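The values are calculated or read from the model by the stated rules, or taken from the named source; none is laboratory data. All values derive from a computational prediction rather than experimental measurement. Virtual Cβ from ideal backbone geometry, glycine too; neighbours counted across all protein chains shown. Quick note on the areas: whole protein, heavy atoms, side chains included, nothing else; ligands and nucleic acids left out. Shrake-Rupley method; radii C 1.70, N 1.55, O 1.52, S 1.80 Å.
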Amino acid sequence: MNEPEQPAPKKPSFDRRNFLRAGTLVGAAAIIGGTAIMRRRRAGLTPDPIGEETIRELPGLPDVPIADDEDVLVRMQRELAIAMAKPVEERRWIMVIDTRKCVGCDACTIGCVAENKLPPGVVYRPVVKEEIGAFPNIQIKFTPRPCMQCENPPCVPVCPVNATWRRPDGITIVDYDKCIGCRYCITACPYMARTSDFGYSYTAGVAEGAGDAPDRAVEGTAPWEKLPNYEYAKAWARTGGKKASPKGNARKCHFCLHRLEVGQLPMCATTCIGRATYFGDANDPDSLVTELITKNRVQTLLPHLGTQPRVYYIV
Amino acid sequence: MSGITENFSYRFNRRADFIISLIVGLLAIAAGAGGVWKVVFAGDHGALGSYVPWGLWVSVYVYLVWMEVGMILGYYALKHVLKVKGIDKLGPVIVMAAICCLLSALMIIGMDLGHPFRAWRAFVFADFGSMMTWMIWMHSFYLILLIVEFWAYHNDYEELIKWINWVNIPAGVALIGVIGSLFGVIAARPYWNASMLPMAFTVSSLIAGTGLILLLHLLFSPQSGSEVYKQTARELGRFLMWALLVGLVGALANLLITTYQNVPAKAEAMRLLLFGPYWWSVWIVHILIGTLTPLALLIWGRHSLRALGAAAVLLVSTFIMVPLNIIIPGLAYPSPDLANIAHAFKHERLSFDYFPDMTEWRVVLFGLGVALTTFAIGYHFWLDSYYRRLAREAGAALS
Ligand code: SF4
Ligand code: SF4
């Protein structure tokens with residue numbers, strides 16, 4: 001008698017072996033992905049400098065005589081012109097801050113706010129004050145903290161859209177039109193040098209207090225707040241909606257790149273009443289900043305992180 | 001006759017369940033809509049600031065992704081490796097729940113962006129050196145996979161489901177690993193900066209996912225009420241208990257090592273977590289309600305379906321505390337060298353004190369409402385007929 005045909009036992013659709021295969025796939029994918037990430041991580045500088053053109057022919061202040069007691073600002077100004085005449089990749093901007101001279105006046109912070117028209121909640125260069133010792137033997141230490149323009153900036157590789165990158169002259173910038181506002185770079189900066197623009201204004205809702213209507217609030221924001229700032233050599237007016245850049249973007253100190261491009265020192269260096277902030281090209285062996293970092297005891301912040309800051313502190 | 005078809009009774013098909021879920025979901029959407037409006041049109045960004053730039057939204061995103069991927073990984077691990085037979089037919093409902101978690105997660109994280117309408121740039125101008133790019137790409141890929149898988153279930157394309165599993169499991173592991181790495185690679189945040197973080201994320205994902213599988217089994221299993229159903233619930237409870245214990249040991253090891261090392265930035269974050277102003281959220285919500293109570297229920301109440309259900313509900317609903325407790329303390333303490341930075345320039349957005357405000361909670365409510373509504377609609381219009389068909393076929397097999 002014929003046995004009725006038994007249906008073949010159904011193979012489990014996804015058994016242990018398949019599971020292991022899947023595991024192998026994970027491993028392979030991880031290796032490929034990891035290699036891609038490391039390659040990208042090591043790629044280093046973005047080769048192209050910003051902007052249509054870079055101003056390279058600035059007057060070298062030939063009429064200003066070099067005096068022994070000349071103000072350091074005059075010297076730095078002259079050196080800036082020399083540096084700007086070089087191709088961008090041959091400049092290496094650094095900042096030197098003499099903490100012995102800093103009096104904690106915050107003039108640099110405020111100068112920066114004014115220059116870059118920073119809205120409330122955005123700051124590029126706060127001066128951190130720290131009390132050292134116990135009363136009566138105390139001292140206050142002032143640490144102005146601009147962006148360190150790290151040689152190895154951890155804020156750059158984390159950006160998912162390449163909106164933040166390091167120029168050949170070492171300044172790390174944010175492309176406001178590309179930034180999606182994820183704030184990953186803010187978490188990655190160990191110096192807390194990036195802040196987010198939350199779209200605040202100084203005058204919205206503030207009483208105008210004028211004439212016959214002393215209680216009237218300023219409508220929208222005061223006109224002066226709508227004037228553009230010129231970061232990255234572009235006019236960024238605060239007239240657009242809540243999502244018009246730089247609102248919603250990560251923002252940071254850029255060594256006043258737009259001022260450098262027209263032959264001016266960063267604002268903080270010029271407003272420092274103690275002449276404690278120096279700026280210049282470290283590739284120029286005769287520059288003031290080179291002199292300062294080679295002849296003094298200098299420190300960088302959080303050196304153990306390997307970011308190699310370009311802001312040096314004389315202590 | 002196998003035990004599966006023997007007791008095949010499809011119960012969760014009442015119209016009332018659908019209507020109630022829909023109403024609750026829509027109410028959540030309505031309650032949260034104001035928050036979404038404020039974020040999208042008024043530029044409100046909750047209580048986030050520049051020193052604590054990520055908070056509730058990123059944490060809820062991580063929580064939802066853990067559940068979404070954990071459910072899928074847990075399901076296939078339980079079904080194919082640990083051979084838990086009684087969850088065989090749970091696939092479609094799990095995939096549907098995962099899709100809902102994913103939609104909600106994407107919506108909430110979209111709100112976190114300063115420029116959400118530029119999110120497309122992450123696809124067109126992607127930088128693959130960033131973990132965030134990988135996260136965005138992998139999550140999008142995962143979304144496509146889940147949708148195709150759901151479609152395959154709905155049309156009984158078993159071969160296709162098998163092939164999707166092939167990709168789904170590595171893709172899920174990779175997605176969770178990438179999200180763990182997104183935090184783990186940040187050297188600036190010593191509390192996050194650990195090579196074990198992706199592993200911890202994977203374990204957390206499996207715990208949350210298994211908890212949700214147990215819950216979905218109890219609520220939606222087509223074999224509801226049968227002996228197989230009860231047996232499976234107990235088995236799932238046992239796996240959940242072990243997963244939870246593994247997670248606990250990991251957390252304890254991390255706590256002890258961090259405390260012993262006493263590296264200021266890490267130890268301070270831990271101190272802030274355990275004894276800071278929000279100590280109650282850790283000790284009471286997370287440890288007592290979210291961990292010890294479910295564990296006790298899983299151990300001593302393992303024979304009671306109600307106890308298992310309660311354990312799953314408590315665990316899943318409070319598991320949000322895990323990403324919150326990883327993400328926020330990691331940000332809420334500056335490097336000791338810049339300890340006074342919040343006093344250097346005063347503004348409410350330049351502060352290390354962070355607690356989510358109403359806008360943030362409302363956005364989350366909106367997101368959860370979207371998830372629940374989508375689930376209710378998806379269940380009513382697709383899964384219901386799917387399970388009815390299964391029940392009919394099983395009935396035919398019995399007769
Ligand atoms: S200080 Fe911060 S923002 Fe500036 S380059 Fe370094 S990591 Fe980037
Ligand atoms: S906030 Fe902007 S610059 Fe920073 S990582 Fe995100 S997209 Fe890049």
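Quick notes on this one:
- DSSP loop trypsin sites (Lys or Arg not before Pro) with at most 12 other Cβ within 10 Å: longest gap in chain B: B:84-345
- DSSP-defined antiparallel bridges as percent of all bridges, the protein assembly as shown, nearest 5: 85 percent
- Stokes-Einstein D for region B:9-112, Kirkwood Rh over Cα pairs, 10 °C, 1.306 mPa s (µm²/s): 97 µm²/s
- Per-residue shielding of A:171-180, expressed as the average number of other chain Cβ atoms within 10 Å of the residue Cβ, stands at 3.
- Scaled against 2.2 N^0.38 Å for its residue count N, the alpha carbon radius of gyration of region B:328-399 is 2.29.
- Computed about its Cα centre, the charge dipole of the protein assembly as shown is approximately 1880 debye, with only Lys, Arg, Asp and Glu carrying charge at their Cβ.
- Rg of the Cα atoms in region A:67-149, relative to 2.2 N^0.38 Å, amounts to 1.41.
- Cα-projected label distance for A:Lys234 with B:Trp166, points at 7 Å along beta-carbon direction, nm: 4.6 nm
- Less than 5 angstrom separates the built amide H of B:Ser224 from those of B:Ser9, B:Arg11, all sequence-distant by 5 or more or on a different chain.
- Taking amide hydrogens as placed 1.01 Å from N in the peptide plane, the amide H of A:Val128 sits under 5 Å from those of A:Thr143, A:Arg145, each at least 5 positions away in sequence or on another chain.
- Figure legend: label point modelled 7 angstrom from the Cα of B:Trp151 along Cα→Cβ; residues of region B:82-113 with amide N under 17 Å from it are B:92, B:95-96, B:99-100.
- Using the Cβ-Cβ distance between A:Thr35 and B:Glu348 with R0 set to 30 Å, the FRET efficiency works out to roughly 0.10.
- Peptide-level mean, for B:112-125, of C-beta atoms on other protein chains within 10 Å: 6
- Unit charges at the beta carbon, dipole of chain B: most positive-side option, B:Ala267, B:Met96, B:Ala122: B:Met96
- Listed pairs A:Lys243/B:Lys346; A:Lys129/B:Lys346; A:Lys129/A:Lys234; B:Lys89/B:Lys162; A:Lys242/B:Lys38; A:Lys141/B:Lys346 exceeding 22 Å between Cα atoms: A:Lys243/B:Lys346; A:Lys129/A:Lys234
- In region B:21-398, the alpha-carbon atoms span a convex hull of 145 Å³ per residue.
- With Rh defined as the Kirkwood radius, the inverse of the mean 1/r over Cα pairs, the Rg/Rh of region B:101-187 is 1.03.
- Computed over the protein assembly as shown, the per-residue total of -39500 (n - 2.57) for DSSP H runs of n ≥ 4 gives a 222 nm mean residue ellipticity of -16000 deg cm²/dmol, rounded to 500.
- Net charge contributed by nearby residues that have their C-beta within less than 10 Å of A:Val315 (K/R +1, D/E -1): +2
- The A-B contact accounts for roughly 5600 square angstrom of buried accessible surface, both chains included, probe 1.4 angstrom.
- Per the Debye formula on identical point scatterers at the alpha carbon atoms of the protein assembly as shown, with no solvent, log10 I(q)/I(0) at q = 0.08, 0.11 Å⁻¹ is -0.71, -1.16.
- DSSP H segments from chain B that extend 18 Å or more along their own axis, Cα-based, with Kyte-Doolittle mean of 0.0 or above: B:15-42, B:56-76, B:91-112, B:131-154, B:158-184, B:197-220, B:227-261, B:305-318, B:358-378
- Scanning residues 5 or more positions from A:Val156 or on other chains, none has an amide H under 5 Å from its amide H, with H placed 1.01 Å from N in the peptide plane.
- As a ratio to 2.2 N^0.38 Å, the alpha-carbon radius of gyration for region B:206-340 is 1.26.
- Calculated P(r) tail over 25 Å for region B:116-274, as whole % of Cα pairs: 51 percent
- Å² per residue, accessible surface of region B:21-398 at 1.4 Å: 39 Å²
- Dipole of the protein assembly as shown computed with +1 at Lys/Arg Cβ and -1 at Asp/Glu Cβ about the Cα centre; of A:Leu257, B:Ala105, B:Ile164, farthest Cα towards the positive end is B:Ile164.
- Per-residue mean of C-beta atoms belonging to partner chains within 10 Å, peptide A:123-131: 5
- Simple spin-label estimate for A:Gln264 and B:Leu256 in nanometres, 7 Å along Cα-Cβ: 6.1 nm
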